[in-house]
Amino acid sequence: MSMFSTGVLVLTSPLHVLPLRIAPVLSSAAQVVERTLYVHLHPGLNLSTGGQVRPVYIPPMMDLCSLISRLYSNAADICGHLDVRVLLTNIRAQSGALGASNVPFATPQTLSHSPEVVLTDFHIQDPGQSSLVTQCLQRYTGQCYVCTPSLSSVLLYPRLEEVMGEEDNDRGRKETQLQSFTDVVVGGTFDRLHGAHKTLLNISCLLASRRFLIGVCDQELLKNKVLKELIEPYDHRVQRLQEFLNDVKPSLKYEIVPLSDPFGPSISDPELQCIVVSEETRRGGEAVNRKRVENGLAELVLYEIQLLKDAHHTDIEEEKISSSSLRTRLLGTLLKPPSPRPDLSLDPYVIGLTGGSGTGKSSIACRLEGLDAVRIDCDQLGHKAYLPGTSAYQQILQEFGSDILNEDKTINRRILGGKVFGNQERLKALTDIVWPEIALLVKKEIQLAKEQGKKVCVVDAAVLLEAGWTYLVHEVWVATIPEEEAVKRIVQRDGVKEEDAVRRLKSQWPNAKLVECANVVLCTLWEPDVTQRQVLKAWNLLQQRIQQRKEQSMNP
């Protein structure tokens, strides 16, 4: 069956049956849709009438919250590549308020991504009904959403595994309506919007009838996050939030604000009525209420949702679905495509590996060497650049004087260092001489590797970016660890004081600036075997990219 970029899944099964069908439904839908899957809930919808079927409001029941959690949890397990979004436009308590519309879609709702296919779990008894049902489904979906003109329709039920006896489960059970609040608040990082975020946001939208306030962590609150350098920029996180929320429930008023402290407006806004928390953030919600009481405000209702378990977590990741785990899984992958370098030969393919002091950059280079890459150590080449007979040697003497020489006419690096230490102008004069010389030596090493038939070179260079050597490489890989861990390693490795280690790191590019320039990021924070798994992943993905580039060059 053809794959579509975006689809709408119309679920018609009764709510007490749906939890048993979600997994096979999503598995089947993932064979048809490859990017965004909108989920539209309309239990009891009859698509076999052959006539016009109109959308109606569905009351928000307690079962919906557990259903939404189950849906996002199953989606993470079964089709993690899909951006699943549960739509709530047609879910609202019946209201006799003046001006309240009796139908959920006065005009078709525009979604962020226009659906190309509509799918349903509707059960047809007679295969001869298929044509009528698909036509009815298309008309119904067109009433609800703005879709592509050539909207396709797919009946998933024939492809689903039937759950025997499911229709009889919980028959006659009394359903409880969900309490609503005019103004609801949540807070979080919302990095790389995942199933747990979407569950929190969807349930908050169900609870809110007027306004939904979202605090997004920024600045100080990000300092202690795992792999904080890989957290998406604040503006990007807000943009994704706005797009998701406008799709889910466009009737709500949304306010998204930056959080520089754990409380934000939750302790000062008198109109707020409810705060949605998880099991692990409940204490934060209780702290909010203590602050509100101190400020003379009413306490908020704490609505707690369950954490979603991550079926795919590794030994260094959290058991719950979390942004930190997703960031960990980015290590070794291609974060952004390399810039085209038509001037560089693909043989050998050159990786520029950099990172601050203590990041384990050189250990990564050695691991890559063990995978048959040629390691070009720029520290060693740097020593060669100072040797008598090089052009850099003569320029250094002219710039800094002959008093920097040892008796054997070699340059005394300690004396030279004293002349440039703390003096940016003099340091630049030195690097302007030495860095071009090292670059020439790197080129020679790459040429030698080419003559030897080597396929990959790794330029191990702490100053790769500062020196502007990116023109020598196809990709930039960055090794990173938290600054506090780097300080511990430098102190232990070099026997220096902690303040000296901090000073050394401050003189280098910060992790965040390095990561901005990275195509691939690696982290040596954990056990050596974890680093090795990252390197192997990065290496295997690299081999695929090299092969693709070669094929593209042969078939432009």
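The values are calculated or read from the model by the stated rules, or taken from the named source; none is laboratory data. Keep in mind that what you see is a predicted model, and the values were worked out from it rather than measured. Cβ atoms come from the backbone with ideal geometry, glycine included; neighbour counts cover every protein chain shown. To get the accessible areas, we keep the full protein, side chains included, count just its heavy atoms, and leave off ligands, DNA and RNA. Shrake-Rupley method; radii C 1.70, N 1.55, O 1.52, S 1.80 Å.
A compact table of results
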| read-out | value |
| --- | --- |
| Residues (in contact with a Pro (Cβ under 8 Å, 6 or more places away or on another chain) and either of a type in the set (K, R) or over 17 Å from L335 (Cα atoms) (or both)) located in segment 506-544 | L525 |
| Qualifying residue in segment 27-39 (condition: in a loop (DSSP other than H, G, I, E, B), free of Cβ contacts under 8 Å to residues at least 60 places away in the same chain, open to solvent by less than 20 Å² (accessible area, probe 1.4 Å) and within 30 Å of N102 (Cα to Cα)) | no |
| Lone unmet requirement of (1) open to solvent by less than 10 Å² (accessible area, probe 1.4 Å); (2) within 30 Å of I546 (Cα to Cα); (3) in a helix (DSSP H, G or I) for G352 | (3) |
| Qualifying residue in segment 136-155 (condition: open to solvent by 70 Å² or more (accessible area, probe 1.4 Å), polar (S, T, N, Q) and modelled with pLDDT of 95 or more) | no |
| Residues satisfying the stated conditions in segment 111-132, i.e. of a type in the set (V, I, T) and either surrounded by 22 or more Cβ atoms within 10 Å (Cβ to Cβ) or over 20 Å from S28 (Cβ atoms) (or both) | V117, V118, T120 |
| Contacts under 8 angstrom Cβ, first residue in segment 132-149 being in contact (Cβ under 8 Å) with a residue 12 or more places away in the chain, partner assigned to a helix (DSSP H, G or I), 6 or more apart | C147/T141 |
| So N102, is it under 26 Å from L207 (Cβ atoms), free of Cβ contacts under 8 Å to residues at least 60 places away in the same chain and in contact with a Leu (Cβ under 9 Å, 6 or more places away or on another chain) | no |
| Members of segment 57-80 found to be out of contact with any His (no Cβ under 8 Å at 6 or more places or on another chain) and β-branched (V, I, T), listed by number | I68, I78 |
| Boolean, V8 is open to solvent by less than 10 Å² (accessible area, probe 1.4 Å), more than 25 Å from R92 (Cβ to Cβ) and not hydroxyl-bearing (S, T, Y) | no |
| Answer from T199, T182 - the residue that is at pLDDT 95 or above, outside any helix (DSSP H, G or I) and hydroxyl-bearing (S, T, Y) | T182 |
| Single residue of segment 265-300 satisfying the filter (over 15 Å from F181 (Cβ atoms) and among the polar types (S, T, N, Q)) that is farthest from the chain's Cα centre (by Cα) | N295 |
| Pairs where the first residue, in segment 385-413, is without any contact (Cβ under 8 Å) to a residue 12 or more places away in the chain and the second is assigned to a helix (DSSP H, G or I), C-beta under 6 Å, 6+ apart | N412/I404 |
| Breaking point among (1) in contact (Cβ under 8 Å) with a residue 40 or more places away in the chain; (2) out of contact with any strand residue (DSSP E or B) (no Cβ under 6 Å at 6 or more places or on another chain), for L331 | (2) |
| Segments classed as helices (runs of 4 or more DSSP H), wholly inside segment 467-556, with at least 1 members that are open to solvent by less than 10 Å² (accessible area, probe 1.4 Å) and under 19 Å from L368 (Cα atoms) | 528-554 |
| Failed condition for K455, given (1) of a type in the set (K, R); (2) more than 19 Å from P338 (Cβ to Cβ); (3) surrounded by 15 or more Cβ atoms within 10 Å (Cβ to Cβ) | (2) |
| Residue list for segment 370-390, filter: of a type in the set (D, E) and surrounded by 15 or more Cβ atoms within 10 Å (Cβ to Cβ) | D377 |
| Candidate set from segment 335-349 (those that are touching a strand residue (DSSP E or B) at 6+ places or on another chain (Cβ under 6 Å) and assigned to a loop (DSSP other than H, G, I, E, B)); member that is surrounded by the fewest Cβ atoms within 10 Å (Cβ to Cβ) | P338 |
| Tabulated pairs, segment 249-272, first farther than 17 Å from T189 by Cβ, second of a type in the set (D, E) and buried (at least 17 other Cβ atoms within 10 Å of the Cβ), C-beta under 6 angstrom, 6+ apart or interchain | E271/D183; L272/D183 |
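The rows are residues; the columns are (1) closer than 30 Å to G332 by Cβ; (2) open to solvent by less than 20 Å² (accessible area, probe 1.4 Å); (3) of a type in the set (D, E, K, R).
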position	(1), (2), (3)
T359	yes, yes, no
R367	yes, no, yes
S402	no, no, no
E425	no, no, yes
